[in-house]
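The values are calculated or read from the model by the stated rules, or taken from the named source; none is laboratory data. In this text the structure is predicted, and so the values were computed from the model without any measurement. Cβ atoms come from the backbone with ideal geometry, glycine included; neighbour counts cover every protein chain shown.
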Amino acid sequence: MRFLASAQFVEQSRVADAFVAPSAALANRLLAARGLGRLPPCRVSYFIEELHRPGAAIGLHTKGTANIRLNLAWLADVAQRGTDPEWEVAFVVLHEYAHFVLERLEAREASPGAVRQRIEAEHADFLRRMQRLGGLADPVSRKLLSNHNAVAEEWCCDAFAYWAAGTLPASHAAFLDALLAEVRVPPDA
Ligand SMILES: [Zn+2]
């Protein structure tokens, strides 16, 4: 997550809207199905930044809000090359949304740093499991093992996206069920 000058934001692109809208809708459907429908839904727009510059972001979120921005260059790339573009875009939307949810959890924690510590412990446990299993046990776990995910919060946000889609391995899904319990509502409530 980084912050850009507002001049770099694009407010409207009809082509990107047509492409992003179904993915944002998918992300919101998954969030609602997971009992997170009482939190603000994600709102998705875009920004311009060279994608192939080292450290270029593909997604950003505005601190304290569910507003998410996607890199137009990345969107164009996914549109041309993606095998499941709707899910690929929804995945990044859900990742950025997870940062927003973690901020909400941190804002309400009784002792400062408690949420962060739980995530760091789970991340360390994930790395231990992957060592034991040689990192090849399960495709989602393999995807979670990346340089980007050496940072516990980034790992947790990727895990959140898989959790929302129902594909996160049970051991870590239980952790997210527990972590998110206080912001979730039962599906019928
Ligand atoms: Zn992130």
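Within region 125-157, track down each residue that is farther than 19 Å from residue 93 by Cα, small (Gly, Ala, Ser) and within 19 Å of the chain's Cα centre (by Cα). If the condition is that a residue be farther than 19 Å from residue 93 by Cα, small (Gly, Ala, Ser) and within 19 Å of the chain's Cα centre (by Cα), then 141, 150 are the ones that fit. Within region 138-153, can one find any residue that is within 25 Å of residue 39 (Cα to Cα), within 15 Å of the ligand (Cβ to nearest atom) and either assigned by TED's automatic domain parsing to the domain that holds residue 41 or surrounded by 20 or more Cβ atoms within 10 Å (Cβ to Cβ) (or both)? No, region 138-153 contains no residue that is within 25 Å of residue 39 (Cα to Cα), within 15 Å of the ligand (Cβ to nearest atom) and either assigned by TED's automatic domain parsing to the domain that holds residue 41 or surrounded by 20 or more Cβ atoms within 10 Å (Cβ to Cβ) (or both). Hey, any hits in region 64-80 for a residue that's within 15 Å of the chain's Cα centre (by Cα) and within 12 Å of the ligand (Cβ to nearest atom)? The answer is yes, given that some residue of region 64-80 is within 15 Å of the chain's Cα centre (by Cα) and within 12 Å of the ligand (Cβ to nearest atom).
Taken as a whole, region 155-164 holds no residue that is in contact with an Asp or Glu (Cβ under 6 Å, 6 or more places away or on another chain), within 15 Å of the ligand (Cβ to nearest atom) and part of a helix (DSSP H, G or I). For first residues located in region 92-103 and more than 13 Å from residue 69 (Cα to Cα) and within 8 Å of the ligand (Cβ to nearest atom), partners that are aromatic (Phe, Trp, Tyr) and assigned to a helix (DSSP H, G or I) and lie 6+ apart or on another chain with Cβ distances below 8 Å form the pairs 98/160. For beta carbons closer than 8 Å, sequence separation of 6+ or different chains, a first residue in region 170-186 that is not assigned by TED's automatic domain parsing to the domain that holds residue 155 and modelled with pLDDT of 95 or more and a second that is small (Gly, Ala, Ser) and surrounded by fewer than 12 Cβ atoms within 10 Å (Cβ to Cβ), there are no qualifying pairs. Which count do you get for residues in region 64-121 that are touching an Asp or Glu at 6+ places or on another chain (Cβ under 6 Å) and of a type in the set (Gly, Ala, Ser)? Number satisfying all stated conditions: 1.
Of the residues 51, 72, 94, the single one that is closer than 28 Å to residue 184 by Cα and either surrounded by 13 or more Cβ atoms within 10 Å (Cβ to Cβ) or among the basic types (Lys, Arg) (or both) is 94.
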